[in-house]
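First comes the structure, then the notes that go with it.
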Amino acid sequence: PVFHALWCLGAQRKGMVISMNTANKLTMLRVVLIPVYLILWHIDAAWSIYAALAVFVVASLTDLLDGYIARHYNQVTDFGKFMDPLADKVLVLTAMACFCSVGRFPDWALVIVMAREFAVSGLRLVAVDNGRVIAAGWSGKVKTFSTMICLSLMHLWGEPFAMNTLDWVCVAVIAGTTLYSGVEYFVKNKDVLNWNK
């Protein structure tokens, strides 16, 4: 509260208007829930994995809600365009890293997900530099939704340090949808990458 008040005071002196709409508040809630999830994950108690799952589900729902609210109530902002996908990626990668640390998510699958995110982000930066905006495709939305569902299921079933059948199915779905959506982005926007520039 103290830092927020000081920041607002400084911004007001510079003539800035301080406001945060509902969509951005939901995005920031997701950001705040990420360290909460990490703390719950590392608590050595039978209930902690279910508490971590509850936090993960709530955070995932904010990802659906903030986008809907931003589009339908004209709350799209530059801050939201930057922070919403960033919070989404950090949330998902955090959960994957946690499962990877206990041997229930292969490191190669985590590398695939990270490589796809970096590659698509780089493609978007090049596109913006050329005055073009690459909108999120349906394959990307399917990838995000299926990944969150799979990670939620992995919280419910399984033992540490051993991958079960469900884990392998979830890994296959996550890796498959990630690869497909990544390839689709580059195929549909291959003209963005000019090899002669």
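The values are calculated or read from the model by the stated rules, or taken from the named source; none is laboratory data. Fair warning: this is a prediction, and the values are worked out from it, not measured in the lab. Glycine also receives a Cβ, built like all others from the backbone with ideal geometry; neighbour counts cover every protein chain displayed. Heads up: the accessible areas ignore ligands, DNA and RNA and are worked out on the full protein's heavy atoms, side chains in. Shrake-Rupley method; radii C 1.70, N 1.55, O 1.52, S 1.80 Å.
Considering VAL142, VAL92, the condition of being touching a residue at least 24 places away in the same chain (Cβ under 8 Å), open to solvent by 50 Å² or more (accessible area, probe 1.4 Å) and closer than 20 Å to SER60 by Cα is satisfied by VAL142 alone. Here the condition is being in a loop (DSSP other than H, G, I, E, B) and either on the phi > 0 side of the Ramachandran plot or exposed (fewer than 14 other Cβ atoms within 10 Å of the Cβ) (or both); of ALA45, ALA136, ALA115, it holds for ALA45 alone. Count of segment 178-197 residues, restricted to those that are touching a helix residue (DSSP H, G or I) at 6+ places or on another chain (Cβ under 8 Å) and either open to solvent by 30 Å² or more (accessible area, probe 1.4 Å) or within 16 Å of ASP107 (Cα to Cα) (or both), is 6. On the given criteria, is TRP157 loosely packed, with under 14 Cβ neighbours inside 10 Å, at pLDDT 95 or above and over 17 Å from the mean Cα position of the chain (by Cα)? So TRP157 fails the test. Pick out the one residue from ALA54, ALA23 that is part of a helix (DSSP H, G or I), in contact with a helix residue (DSSP H, G or I) (Cβ under 8 Å, 6 or more places away or on another chain) and open to solvent by less than 70 Å² (accessible area, probe 1.4 Å). Answer to the check: ALA23.
For ILE39, are the conditions met, namely being open to solvent by 70 Å² or more (accessible area, probe 1.4 Å), in a helix (DSSP H, G or I) and modelled with pLDDT of 80 or more? So ILE39 fits the description; yes.
Is it the case that some residue within segment 105-118 is within 18 Å of LEU53 (Cα to Cα) and of a type outside the set (Ser, Thr, Tyr)? Yes: one or more hits. Quick one: how many residues across segment 154-191 are in contact with an Asp or Glu (Cβ under 9 Å, 6 or more places away or on another chain) and assigned to a helix (DSSP H, G or I)? Selection size over segment 154-191: 3. Set side by side, the residues ASP167, ASP129 differ, and just one is among the charged types (D, E, K, R) and open to solvent by 40 Å² or more (accessible area, probe 1.4 Å), which is ASP129.
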